[in-house]
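Have a look at the structure below, then the notes.
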Amino acid sequence: MKGYWHIVAFAAICAILFIHYHHFLFIIVFLIWIGILYYLKRLRKLHVIVSLTFLVFFLLHYPQTSTLPSEEETSITPNPIYGEIISPIDKNDKKVEFILKESITGERIVVIYFPNEKEQFSTHFLKYGATCVINGKKEIPNEGRNPGEFDYRDFLKKQGIDVQITLSSMNHIHCDGFKFLDKLYSVRSKLLANIQNELTPFSASWLNSLVLGDDSSLDDESVQLFRKWGLSHIIAISGTHVSILLTFMYFVLIKLSIITKEKAQWFVIFFMPIYAILAGGEPSIWRASIMAIIFILFLKTKGKYSVTDVLAIVFILLIVWDPLLIYHVGFQFSFLVTFSILLSGRWLSDDKNPFMQALKISFVAQMIILPLQFNYFSFFQPLSIILNVIIIPYFSLFVIPFMYILLPLTLLPFPIVKFLDQAFTFIHQFVLQFIFWFDKIADTPWVIGTFSISITCLYFILFLIMMMEVEWNESIKGFKIGILITLLLFLLVAKPYLSPEGRVTMLDIGQGDAYIIELPYRKGVIMIDAGATFSFSDGTVSENIYKRIIKPYLYLQGIQKVDALILTHEDLDHVGSAPFIVEEMDVDRIYVHAYYEIEEEQWKDKKIVKVKGSDVLNIKGHPFHVLGPLKNANDPNENSVVLFTEIGGLTWLFTGDMGIETEKNLIKNYPNLKADVLKVGHHGSNTSTGAEFLDQINPKVALISVGKNNRYGHPSDEIIQRIKDNETIIFRTDEHGAVQYHFNGNSGTFSTTLPYYNSE
């Protein structure tokens, strides 16, 4: 099988894709592919038999997606729960978390404890392998309630975890015992703590991240910046880090004549698994460590397996050991980037200029993960290829080696440690400032949403063919394939502008409003309200709703520009996220009611338009009739902007938080007013949606933006019954998550993010 293990790896991938997507095309394509290779005598019978064997193995043994237990099943979980801790203890100022394997069922459970501020508690008894008794109730983890929102339930499911236990007190868990691995985890914890004590917080955070795989203390702004520019792989320990570590160990052990080369090889073989655990045990570090071990073993046995073979063997070993690793983002990125660089080895080595080599490596690494970048993050920074060329050598030649040298020095009483700490802080802060500066002047992301599985496969096929042509010195053919890839990307960018379909989305932001209207052919994007959570004690607005829900949704749809942001009134549950949208997005105009008091610096340099009843807003050729406010009611709710429009063959009425008395005045001024879809006022409170108003509007569909288990008791049972008596279909975010109306021309359908059911 020498030189052909990548065929076996592809067999495993096709089997996994078939299981995940339930599509026979993956199996058919693989069978046709190896059939052609066999016919062309590129494969022998042994290669075909081994590949088909692994294909069948993964088809039969790869785990299917499990079925979640029902709420009733979790609520009757017997107390206490017995199990064994099977993960390191993740502890920081915000939470304590670990995975427990239940003794009776073998079920994996996430156990979480959120301490109160300044609470003193002990976790010394929480150890890997400890047997525990927990007094708690299993719960189904929270799921993503909006398109594009991070789905914690799905995230856990892809780790084989379906339930969680949230402890109300550390007194509700009792553990004793441990396993050998806990000793290594304890060493890791002590190293992390020692580094925090010996170095300044800035240097300690980078040392812990780059050497021990703990990025919890890194500045969140820096982490987000690195993720934004495709530099996250630098923070996560991977092949680069391991290569530098091995070079450092080789120099210390052999060049300084401490031990022989033979003994050094055996030392590395035994040390690398230990280091992988000390470094956090992420898939990327295991991949690099196992590859190093296999290469040394082949070297000792005089084996001649290629680097591609070793990579494929490591891939197979890891997914046999833990099949769910395939869902890990770091696992996917690590293997894809490594494989692409190996595949391009000849092309990369043709150029002797170090800068051009770095540029080529950056290009290959960024392009191979492009579909995954869009599918996970919905955007890509084209200029990240340039930034990687500058930053990766800095980390590879200075930062990472420096960190490996600094770590052992922190264990010794050397005064030079403080000097090195200060020197690193000075240099590294300067480089970080450069990256932030680069971000300000070169932030031009491609935001085109996600790739479908068919487009993803087509992209990978074209990219691999292009790199093969380049490898074979067929530059012209490679250039032509590159043009096809570029056209494919431009088609994805242009897709919304070519589509006759439109969409109205009621986002589930909890107790607040956020509606997004996307006109056909991307003629316009209109937002009506953009609420946020806030502190009741001091009114501080959180950007959590914008970062977690609104921005991911806009990026998922490939939206970077909002043509109109209509804010119905001043309440933070309707306008709290507006400043964040204005800061990051291209917002053409902001519409508020005529009596809205705007702070001087609130939306600097933005065109603010004040509207009142009887106005007509023509937004990208689409009319919105402003029905209110007709006069200043001296109350934010009663001054709500009321909008009437026609979308997708239905008439829509958006009412903000308008109250019953204002509703009466509205229907008095517009006695013929009716609407197919009513945005129910004030989250379904009994202060809105009066009987007289509802009778005249006579909607077919009612939309209620309301937080699940909110403190106000919204929506009112009285209002819900009143709407039901009107034989109106109700969609509410607390029960259905985000609700969307997809339309084409004058027809469309409603859909919900969570399964729809009638609360009646």
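Order these peptides, 176-183, 621-628, 734-741, by their mean beta-carbon neighbour count within 10 angstrom, highest first. Write down the numbers at each step before the final one.
Numbers: 176-183: 13.8, 621-628: 19.0, 734-741: 22.5.
Averaged packing, sorted descending, gives the order 734-741, 621-628, 176-183.
How high is the relative contact order of region 590-726, in percent, with contacts defined as C-alpha pairs under 8 Å that are six or more residues apart? Mind dumping the intermediate values first?
Details: 243 pairs, mean separation 20.8, N = 137.
After rounding, I find 15 percent.
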Would you mind computing the Rg to Rh ratio of region 639-682 from its alpha-carbon coordinates, Kirkwood style for Rh? 0.95
Dipole of the chain, positive direction: furthest Cα of 384, 545, 298, with charges on the beta-carbon: 298
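Expressed in nm to one decimal, what extension gain is obtained for the pair residue 299 and residue 171 from 0.36 nm per residue of sequence separation less their Cα-Cα distance?
Details: separation 128, 0.36 × 128 = 46.08 nm, distance 5.33 nm.
In short, 40.7 nm is gained.
Around residue 743, with a cut-off of 13 angstrom between Cβ atoms, what is the net charge of the other residues, counting Lys and Arg +1 and Asp and Glu -1? Before the final figure, lay out the partial values.
Details: positive: 503; negative: 501, 518, 646, 676.
Taking every other residue near residue 743 into account, the sum is -3.
Mind checking the dipole of region 654-727: about its Cα centre, +1 per Lys or Arg Cβ, -1 per Asp or Glu Cβ, Debye to the nearest 20?
For region 654-727, the charge dipole is close to 220 debye.
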Placing +1 on each Lys and Arg Cβ and -1 on each Asp and Glu Cβ in the chain, then taking the dipole about the Cα centre, the residue among 633, 689, 121 whose Cα reaches farthest towards the positive end is 121
What span do the alpha-carbon atoms of region 428-571 cover on each of the three principal axes, reported in whole Å from largest to smallest? 67, 50, 24
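In square nanometres, what is the average projected area of the Cα convex hull of region 342-432?
Working: hull surface 33.1 nm².
Result: 8.3 nm².
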If the limit is 26 Å between Cα atoms, which of 137/158; 561/700; 440/607 go over it? 561/700
Treating only Lys and Arg (+1) and Asp and Glu (-1) as charged, each at its beta carbon, one finds that the chain has a dipole about its Cα centre, in Debye to the nearest 20, of 3780 debye
Quick P(r) readout (region 598-745; Cα-Cα; 10 Å bins; whole %) gives 11, 39, 35, 15, 1
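Over the chain, what is the relative contact order in whole percent, taking alpha-carbon pairs under 8 Å and six or more residues apart?
Working: 1251 pairs, mean separation 62.7, N = 760.
Relative contact order for the chain comes out at 8 percent.
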Compactness of region 150-224, expressed as Rg and Dmax over alpha-carbon positions, Å: 16.5, 40
Does region 261-347 classify as rounded, prolate or oblate by the C-alpha gyration tensor (a ≥ b ≥ c root eigenvalues; a/c under 1.5 gives rounded; else a/b over b/c gives prolate, otherwise oblate)? oblate
Set 495/523; 94/138; 183/418; 94/418, cut-off 18 Å on Cα-Cα distance; pairs above it are 94/138; 183/418; 94/418
Treating only the Cβ of Lys, Arg, Asp and Glu as charged (+1, +1, -1, -1), what charge dipole size does region 95-188 show about its Cα centre? Round to the nearest 20 debye. 280 debye
Taking Cβ-Cβ under 4.7 Å as the only way to count a partner, pick out the unpartnered cysteines of the chain. 14, 457
Please list, short to long, the whole-number percent of alpha-carbon pairs of region 716-756 in consecutive 10 angstrom bins beginning at zero. 26, 41, 29, 3
Ranked highest first by average number of other Cβ atoms within 10 Å, how do 677-684, 85-92, 353-360 line up? 677-684, 85-92, 353-360
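Report the calculated FRET efficiency for residue 471 and residue 631 (r = Cβ-Cβ distance, R0 = 60 Å), to the nearest 0.05.
Approximately 0.25, to the nearest 0.05.
Pull out the extension gain between residue 427 and residue 484, defined as 0.36 nm times the separation in residues minus the alpha carbon to alpha carbon distance; nm, one decimal. Provide the component values of the computation, followed by the final result.
Working: separation 57, 0.36 × 57 = 20.52 nm, distance 4.27 nm.
Value of the extension gain: 16.2 nm.
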Rg/Rh for region 265-419 to two decimals, with Rh computed the Kirkwood way over all alpha-carbon pairs. 1.00
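Read the figures in this text as sums done on the coordinates, not as results from a lab. Predicted, not measured: the structure shown is a model, and the values here were computed from it. Using ideal geometry, Cβ is built from the backbone for each residue, glycine included, and neighbour counts are taken over all protein chains shown.
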